[in-house]
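Undergrad: Sharing a structure, written as structure tokens. Questions coming.
The values are calculated or read from the model by the stated rules, or taken from the named source; none is laboratory data. Bear in mind that the values here come from a model prediction, so they are computed numbers and not experimental data. Backbone-built Cβ (ideal geometry, glycine too); neighbour counts: all protein chains shown. Each accessible area value is taken on the protein alone, full model and side chains, heavy atoms only, with ligands, DNA and RNA left out. Shrake-Rupley method; radii C 1.70, N 1.55, O 1.52, S 1.80 Å.
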Amino acid sequence: MPDPTADAAFATIAAERRAFADVLDDLDPDQWATASLCGAWNVKEVVVHTMVGPTGSIAGFASAMLRARGSFDRANQVMVERRSARPIAEVVADLRDHADSRFTPPGASWLAPCTDLLVHRLDALVPLGVPTGRPAELWAPSLDFLLGRSAARMGFTGRALPRLTYAATDLDWTGGAGPRVEATAETLALALTRRTARLDDLAGPGTGMLQAYAAR
């Protein structure tokens, strides 16, 4: 029997891919070439990355792993490089054409592709000053996920988080235990995934600890 929770979750992911595509339609070439918040990738490369899984193949992944000498991170980079030369229109079309994909990394639930999409959407849009225009409530499951061990294991956080009480100011969500740090859901997600773009927007006695975690 299909899991109704998973069905609703993947429907949400599909809607968010289409909403992201709608925002991307309005970007100009200079914006696509702007450095993102995600390492050395520009906006176009980040968008490509969000759809590498849904548009990829087992053969393509195996080839990338071979070229990367077994490194998953390097294989991911190889797959992004292969697809980033395509026209912008094709990159945006992937979000719509494969919006309903249920691809998940091995051993992961829907929370992994959902969180990946939400975080990388910020990677692309925050440097451009473009708002996502999406409801904060979408973040609640992903914030729970980011506080868990699976997120660290899969590279979203990468290390143990500071022992804090994390509180979103734009939705009814808190997690963790310890000194309180608060901000919008998006700002908390950026800090938890070690992006430094909005660290000055954090507030509360736990601010310094989270800023230090994100910045190192």
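Undergrad: In the list ALA99, ALA108, which residue meets the criterion of being modelled with pLDDT under 95 and of a type in the set (A, V, I, L, M)?
TA: Within the list ALA99, ALA108, the selection yields ALA108.
Undergrad: Still on this structure, I have one more. I need every pair where a residue in segment 2-30 that is acidic (Asp, Glu) has its Cβ under 8 Å from the Cβ of a residue that is assigned to a helix (DSSP H, G or I) and at pLDDT 95 or above, sequence separation at least 6 or different chains.
TA: From segment 2-30, the pairs are GLU16/CYS114; GLU16/LEU117; GLU16/LEU118; GLU16/ARG121; GLU16/LEU138; ASP25/VAL92.
Undergrad: Let me ask something additional. Kindly list the number of the only condition in (1) in contact with a helix residue (DSSP H, G or I) (Cβ under 6 Å, 6 or more places away or on another chain); (2) within 28 Å of ALA33 (Cβ to Cβ) that fails for ASP116.
TA: ASP116 satisfies all of (1) in contact with a helix residue (DSSP H, G or I) (Cβ under 6 Å, 6 or more places away or on another chain); (2) within 28 Å of ALA33 (Cβ to Cβ) except (1).
Undergrad: I'm trying to understand the selection: among the residues of segment 81-106, which are charged (D, E, K, R), touching a residue at least 60 places away in the same chain (Cβ under 8 Å) and in a loop (DSSP other than H, G, I, E, B)?
TA: Scanning segment 81-106 gives ASP100, ARG102.
Undergrad: Anything in segment 140-158 that is open to solvent by 20 Å² or more (accessible area, probe 1.4 Å) and over 13 Å from LEU118 (Cβ atoms)? List them, or say none.
TA: Matches in segment 140-158: LEU147, GLY148, ARG149, SER150, ALA152, ARG153, MET154, GLY155, GLY158.
Undergrad: Another question, if that's okay. Kindly indicate whether SER109 is under 28 Å from ALA35 (Cβ atoms), among the hydroxyl-bearing types (Ser, Thr, Tyr) and either open to solvent by 10 Å² or more (accessible area, probe 1.4 Å) or in contact with a helix residue (DSSP H, G or I) (Cβ under 6 Å, 6 or more places away or on another chain) (or both).
TA: no
Undergrad: Among the residues of segment 159-175, are any out of contact with any strand residue (DSSP E or B) (no Cβ under 7 Å at 6 or more places or on another chain), over 18 Å from THR115 (Cβ atoms), surrounded by 14 or more Cβ atoms within 10 Å (Cβ to Cβ) and at pLDDT 95 or above?
TA: Yes, segment 159-175 contains at least one residue that is out of contact with any strand residue (DSSP E or B) (no Cβ under 7 Å at 6 or more places or on another chain), over 18 Å from THR115 (Cβ atoms), surrounded by 14 or more Cβ atoms within 10 Å (Cβ to Cβ) and at pLDDT 95 or above.
Undergrad: When segment 13-50 is examined, which residues are found to be in contact with a Phe, Trp or Tyr (Cβ under 9 Å, 6 or more places away or on another chain) and closer than 18 Å to SER142 by Cβ? Reasoning before the result, please.
TA: Filtering segment 13-50 down to residues in contact with a Phe, Trp or Tyr (Cβ under 9 Å, 6 or more places away or on another chain) leaves 13, 24, 35, 42-44, 47-50.
Answer for segment 13-50, where residues must be in contact with a Phe, Trp or Tyr (Cβ under 9 Å, 6 or more places away or on another chain) and closer than 18 Å to SER142 by Cβ: ILE13, HIS49, THR50.
Undergrad: Right, GLU137: exposed (fewer than 15 other Cβ atoms within 10 Å of the Cβ), closer than 17 Å to PHE10 by Cα and acidic (Asp, Glu) or not?
TA: yes
Undergrad: If you check every pair at least six apart or on different chains, which have Cβ atoms under 7 Å apart with a residue in segment 117-140 that is β-branched (Val, Ile, Thr) first and a residue that is not in a helix (DSSP H, G or I) second?
TA: From residues that are β-branched (Val, Ile, Thr), the pairs are VAL119/THR193; VAL126/LEU37; VAL126/ALA197.
Undergrad: If you scan segment 186-216, which residues turn out to be open to solvent by 20 Å² or more (accessible area, probe 1.4 Å) and under 17 Å from the mean Cα position of the chain (by Cα)?
TA: GLU186, ARG194, ARG195, THR196, ALA197, ARG198
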